[in-house]
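Heads up, the thing below is written out as structure tokens.
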Amino acid sequence: MNPIPVERISQSRLSMIDFNNLGFGNYLSDHMLLANYNDGRWQDPKVVPYGEIPMTPAMLSLHYGQAIFEGMKAFKNKNGELIIFRPQRHYQRLLKSMERMCMPAMSEEYFINSLNAVIKTDEQWVPTSEGSSLYLRPVIFATESRLGVKISDEYKFVILTSPVGPYFAKPVRVKVEEHYVRAAEGGTGFAKCAGNYGGAFYPTQLAKEQGFDQVLWTDACDHKYIDESGAMNVMFVLNGKLVTPKLTSAILDGVTRNSLLTLANKMGIVVEERKVSVAEIKEGFEKGTLTEAFGAGTAAVVSTIAAINISGEECVLPEINGHSIQLRLKKRLEDIRHGYEPDEFEWIYKIPQ
Ligand code: COI
């Protein structure tokens with residue numbers, strides 16, 4: 001592949017960023033990667049100043065929802081080297097999302113080189129304080145202008161980057177959803193497509209009006225089994241075991257989920273991936289055998305769930321401490337990402353200089 005050309009911004013916005021108060025997704029870095037798919041192939045990408053792109057209101061993704069994305073993170077390790085966490089696994093998931101949404105595949109080399117180019121251009125934007133990172137948002141959407149209901153023949157691939165801190169500022173309170181549905185088996189729940197998020201807004205907004213931070217989605221048939229939380233997968237510590245819903249076509253195959261399960265196995269924690277019923281979570285709370293609940297995601301990393309509301313009954317979980325499984329897992333993950341622990345699972349991709 002040819003080197004990716006870079007058109008630099010004339011005036012950087014870097015000095016306007018408050019790196020001590022990043023929040024999540026509030027700032028976009030100076031540059032973005034841009035590539036088009038047309039004439040049956042992905043055309044050469046380029047790095048350009050972040051900004052507006054030409055579009056028409058007839059662009060197919062606006063009407064029929066062919067839009068998918070990824071969420072990944074880049075860091076500077078303790079030696080100052082630029083790294084991306086598990087880009088190959090994100091690429092594999094991107095391919096699955098693209099296939100489900102009838103989009104033309106791109107090669108791994110094309111995807112990784114594109115990431116490298118945009119991260120290297122905005123290397124200065126990679127934050128180094130604890131808990132922060134450069135969030136990477138590859139997004140692909142249909143751009144053909146037509147009104148007929150059809151698979152688009154044209155797409156854009158854009159990579160935005162954003163220096164971020166923690167996704168949640170504090171432990172979250174979640175509500176088990178017993179009416180609305182995020183995804184049904186055979187649908188698009190496993191894919192990272194835009195519509196999954198748009199469809200979740202209304203029930204999440206209702207939950208927020210009731211004082212909750214997130215919805216805990218349940219299965220589309222009976223609302224008996226827990227799926228995920230929309231912005232993150234969920235894990236529980238039940239009877240000292242790490243328990244998480246087994247993947248189905250309605251659940252996103254989280255890269256952080258997979259990493260934490262791998263680490264837990266390595267640390268000798270008993271892991272169970274299986275159907276997790278709402279009833280057993282309630283029973284575990286009542287008996288005191290449910291000791292932890294947390295979300296796992298690229299943005300959320302490990303986010304403590306402080307309380308779970310089940311049919312109006314509030315299950316407030318014990319406060320976490322240094323022995324909590326979630327904090328031990330989080331520390332191990334962060335230590336690998338920052339180079340304090342060996343990368344025995346080969347999760348760290350060093351960006352070539
Ligand atoms: C992520 O964890 O990267 C996500 O995509 C979740 C959310 C920020 C949309």
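The values are calculated or read from the model by the stated rules, or taken from the named source; none is laboratory data. This structure is a prediction, so every number in the text was calculated from the model and none was measured. Glycine gets a Cβ as well: all are built from the backbone with ideal geometry, and neighbour counts include every protein chain shown.
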| field | Leading residue by the ranking (nearest to PHE85 (Cα to Cα)) among those in segment 311-348 that are in contact (Cβ under 8 Å) with a residue 12 or more places away in the chain and among the β-branched types (Val, Ile, Thr) | value | ILE348
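Would you call ILE83 assigned to a strand (DSSP E or B), touching a strand residue (DSSP E or B) at 6+ places or on another chain (Cβ under 6 Å) and in contact (Cβ under 8 Å) with a residue 24 or more places away in the chain?
So ILE83 fits the description; yes.
Could we say that LYS76 is within 21 Å of the chain's Cα centre (by Cα) and more than 16 Å from the ligand (Cβ to nearest atom) here?
Details: within 21 Å of the chain's Cα centre (by Cα): yes; more than 16 Å from the ligand (Cβ to nearest atom): yes.
Considered against the rule, which asks whether it is within 21 Å of the chain's Cα centre (by Cα) and more than 16 Å from the ligand (Cβ to nearest atom), LYS76 comes out as yes.
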| request: Test PRO127 against the criterion of being in a loop (DSSP other than H, G, I, E, B) and away from the ligand (no atom under 16 Å from the Cβ), and give yes or no. | output: yes
| field | Among the residues listed as GLN88, GLN43, the single one being more than 13 Å from the ligand (Cβ to nearest atom), without any contact (Cβ under 8 Å) to a residue 12 or more places away in the chain and among the polar types (S, T, N, Q) | value | GLN43
| Residues located in segment 39-80, provided they are aromatic (Phe, Trp, Tyr) and either in contact with a strand residue (DSSP E or B) (Cβ under 7 Å, 6 or more places away or on another chain) or in the same structural domain as GLY198 (by TED's automatic domain parsing) (or both) | TRP42, TYR50, PHE69, PHE75
| query | Any residue in segment 226-233 that is of a type in the set (Val, Ile, Thr), assigned by TED's automatic domain parsing to the domain that holds TYR135, over 18 Å from the mean Cα position of the chain (by Cα) and more than 16 Å from the ligand (Cβ to nearest atom)? | reply | no
| said: Within segment 142-161, does at least one residue satisfy the condition of being within 18 Å of the chain's Cα centre (by Cα) and closer than 30 Å to VAL278 by Cβ? | reply: no
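Of THR256, THR262, which residue is under 18 Å from LYS73 (Cβ atoms), within 16 Å of the ligand (Cβ to nearest atom) and of a type outside the set (A, V, I, L, M)? So that I can check it myself, show each step before the final result.
Numbers: THR262 fails: within 16 Å of the ligand (Cβ to nearest atom).
Sole residue among the options that is under 18 Å from LYS73 (Cβ atoms), within 16 Å of the ligand (Cβ to nearest atom) and of a type outside the set (A, V, I, L, M): THR256.
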| Hits in segment 168-192 - residues which are within 13 Å of the ligand (Cβ to nearest atom), buried (at least 21 other Cβ atoms within 10 Å of the Cβ) and not charged (D, E, K, R) | ALA191
| request: Find all pairs meeting these conditions: Cβ atoms under 7 angstrom apart; at least six residues apart or on different chains; first residue within segment 56-76 and farther than 30 Å from SER132 by Cα; second residue among the acidic types (Asp, Glu). | output: LEU60/GLU144
| query | Looking at segment 25-42, is at least one residue more than 18 Å from ALA142 (Cβ to Cβ) and either touching a Cys at 6+ places or on another chain (Cβ under 9 Å) or exposed (fewer than 12 other Cβ atoms within 10 Å of the Cβ) (or both)? | reply | no
| remark: Taking segment 283-338 and keeping residues surrounded by fewer than 18 Cβ atoms within 10 Å (Cβ to Cβ) and on the phi > 0 side of the Ramachandran plot leaves GLY288, SER311, GLY312
| request: Return the total of residues in segment 245-268 being in a loop (DSSP other than H, G, I, E, B) and either in contact (Cβ under 8 Å) with a residue 60 or more places away in the chain or surrounded by fewer than 17 Cβ atoms within 10 Å (Cβ to Cβ) (or both). | output: 9
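Matching residues to (1) among the aromatic types (Phe, Trp, Tyr); (2) under 24 Å from SER259 (Cα atoms):
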residue: PHE69; (1), (2): yes, yes
residue: LEU95; (1), (2): no, yes
residue: CYS102; (1), (2): no, no
residue: GLU109; (1), (2): no, yes
residue: SER129; (1), (2): no, yes
| said: Just checking: which of the strands (runs of 3 or more DSSP E) contained wholly in segment 288-353 hold 3 or more residues that are within 24 Å of the chain's Cα centre (by Cα) and at pLDDT 95 or above? | reply: 290-297, 301-310, 348-350
| said: Go through segment 18-55 and report how many residues are of a type outside the set (Val, Ile, Thr) and farther than 30 Å from THR128 by Cα. | reply: 11
| query | Taking PHE157, is it away from the ligand (no atom under 16 Å from the Cβ) and either polar (S, T, N, Q) or closer than 20 Å to TYR91 by Cβ (or both)? | reply | yes
